[in-house]
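Beneath this line is the structure, given in structure tokens, with notes to follow.
The values are calculated or read from the model by the stated rules, or taken from the named source; none is laboratory data. Predicted model, so just to flag it, every value in this text is computed and none were measured. Cβ placement follows ideal geometry from the backbone for every residue including glycine, while neighbour counts extend to all protein chains displayed. Side chains included, ligands, DNA and RNA excluded: accessible areas come from the protein's heavy atoms. Shrake-Rupley method; radii C 1.70, N 1.55, O 1.52, S 1.80 Å.
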Amino acid sequence: MTMSKIQPELDLAIFGRAPAFAEKVHVGRPNVGNRERLLKRINDMLDRNWLTNDGPYVQQLEKQIAEFVGVRHCVAMCNGTVALEIAIRALGLTGEVLVPSFTFVATAHALQWQEITPVFCDIDARTHTIDPAQIEKMITPRTSGIIGVHTWGRGCDVEALEAIARRRSLHLLFDAAHAFACWHKGKPIGGFGRCEIFSFHATKFFNSFEGGAVATNDDSLAEKMRLMRNFGFRGNDNVIYIGTNGKMTEVCAAMGLTSLESVDEFVDINRRNYHAYRRGLDGIQGLTVMAYDESERTNYQYIVIEVDEHEAGLGRDELVQVLTAENVLARRYFFPGCHRMEPYRSYFPHASLMLPETEKLCRRVMVLPNGTSVDEKAISQIVQLMQTAVSNGPAVRDQLAGVESSIHIRGAR
Ligand code: T4K
């Protein structure tokens, strides 16, 4: 007679009950400001019949963002990736550029797209940002720059990076896609390095549907980027550089202006949610909620959890599976790391040997839903689900092993 293992019936969807949430709860649900004001702006735009090409909304948004982050210039673009590409080209980067592998793949692609080699550098396990101590050993005669990424809106070790860039005559710029409305050492992010690049994608804390911008205090760099985002035109019929089409549309700028009016409200909601998550998750063994330095201003957009599989009794992927079955679409970030994505995986098959902290974090980290579409009731349910899963690790693991791998996990690609 064969003895089959009896599973306890836990209050989780993987054991067969209905998902805790009838609708999917997303990481990256857009924050939308005042709808009436947005629609009024769009109506005015239609009345004006000026839809793109450095229109009045784009100019107003650039002015307000420059003031908001305390820089001389904000050059609005159609998205953060093109903003990165244009900044890289306008700065004249060549050869190799040091970047963290723990970033969205756009940071690396913006270089490779122009045949500049992204050289992946490890992160500091504590901050999740590029580790200055690792940088010097990656510099070669071909290195022309460093791109720091302010991951989760937490500033890189800007001072150490500046010192290296100065000493080794390298350009320093920052991918600040996560860091709009975040500060570093008492100053707004946007004014560090030669320039900083924001993303205003729908999933970001501050959005303009699609959009991005480069912030800089460098007059000639700003001028060059303005020409480059408009095919290289200086005046009618006069092209003076190779350029592209990186222009932001008026409807995107209208959304950006509307989002800007609600920044404080978005921060308040994110902060409230962050504290609710911390109150619920801080005691659960094996889970660490990434702490924001509350002495700095930040947008609190990312609820970042590190899962210690040994302590929690469940791995990160198993927890994501449990939540996905409940319609909570927690995300792995930035799995599996740029160095394990093509074409970089083929170019640098042994890169992982230089990236132990990146490798470790990519296996441990997950992000939970935040933003204006998440409330404290939803958070307490999500916390309860995670508590139930971790408290019953062995049963959950057995159940998942038996469930068809129909629960599809996604990462931030
Ligand atoms: N550097 C860094 C460090 C970045 O994180 C990014 C972008 C960039 C540079 C480049 O900036 P952009 O060129 O994008 O401006 C998303 C975003 O597309 C991307 O902007 C973002 N980083 C990246 C981390 O995530 P996906 O593939 O994860 O997006 P998706 O479509 O799966 O959406 C995420 C979730 O949000 C979904 O569960 C559904 C929800 N969602 C999404 C959209 C677009 C909504 O509810 N409504 C929406 O309108 O890439």
Original post:
Of all helices (runs of 4 or more DSSP H) completely enclosed by segment 218-327, which ones contain at least 3 residues that are touching a strand residue (DSSP E or B) at 6+ places or on another chain (Cβ under 8 Å) and open to solvent by 10 Å² or more (accessible area, probe 1.4 Å)?
Top reply: 219-229
Original post:
Which one of these does Phe206 not meet: (1) among the aromatic types (Phe, Trp, Tyr); (2) closer than 30 Å to Ile303 by Cβ; (3) surrounded by fewer than 22 Cβ atoms within 10 Å (Cβ to Cβ)?
Top reply: (3)
Original post:
Can you tell me which residues in segment 115-132 are out of contact with any Asp or Glu (no Cβ under 6 Å at 6 or more places or on another chain), open to solvent by 30 Å² or more (accessible area, probe 1.4 Å) and in contact (Cβ under 8 Å) with a residue 24 or more places away in the chain?
Top reply: Thr127
Subject >> segment 348-364 - residue that is free of Cβ contacts under 8 Å to residues at least 24 places away in the same chain and over 21 Å from Ala412 (Cβ atoms) and, of those, least open to solvent (accessible area, probe 1.4 Å) >> reply: Pro349
Original post:
Which residue, of His128, His109, is over 20 Å from Ala213 (Cβ atoms) and within 12 Å of the ligand (Cβ to nearest atom)?
Top reply: His128
Original post:
Has segment 300-315 got any residue that is in contact with an Asp or Glu (Cβ under 7 Å, 6 or more places away or on another chain), under 17 Å from Gly411 (Cβ atoms) and more than 16 Å from the ligand (Cβ to nearest atom)?
Top reply: yes
**OP:** Go over the candidates Arg340, Arg397 one by one and state the one that is among the charged types (D, E, K, R) and closer than 30 Å to Trp113 by Cβ.
**Re:** Arg340
Subject >> Every residue from segment 40-51 that is within 8 Å of Glu250 (Cα to Cα) and open to solvent by 50 Å² or more (accessible area, probe 1.4 Å) >> reply: Trp50, Leu51
**OP:** For residues that are touching a Cys at 6+ places or on another chain (Cβ under 8 Å) and of a type in the set (Lys, Arg), tally how many sit in segment 110-167.
**Re:** 1
**OP:** Quick one: in segment 365-390, of everything that is assigned to a helix (DSSP H, G or I) and within 21 Å of Pro30 (Cβ to Cβ), which residue is most open to solvent (accessible area, probe 1.4 Å)?
**Re:** Lys377
**OP:** Pull up segment 67-79, narrow it to residues that are open to solvent by 10 Å² or more (accessible area, probe 1.4 Å) and either in contact with a Pro (Cβ under 8 Å, 6 or more places away or on another chain) or touching a residue at least 24 places away in the same chain (Cβ under 8 Å) (or both), then point me to the one that is nearest to the ligand (Cβ to nearest atom).
**Re:** Asn79
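Each row is one residue, and each column tells you yes or no for (1) in contact with a helix residue (DSSP H, G or I) (Cβ under 9 Å, 6 or more places away or on another chain); (2) open to solvent by 70 Å² or more (accessible area, probe 1.4 Å); (3) in contact (Cβ under 8 Å) with a residue 24 or more places away in the chain; (4) within 15 Å of the ligand (Cβ to nearest atom).
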residue	(1), (2), (3), (4)
Val25	yes, no, yes, yes
Gly28	no, no, yes, yes
Gly55	yes, no, yes, no
Val58	yes, no, yes, no
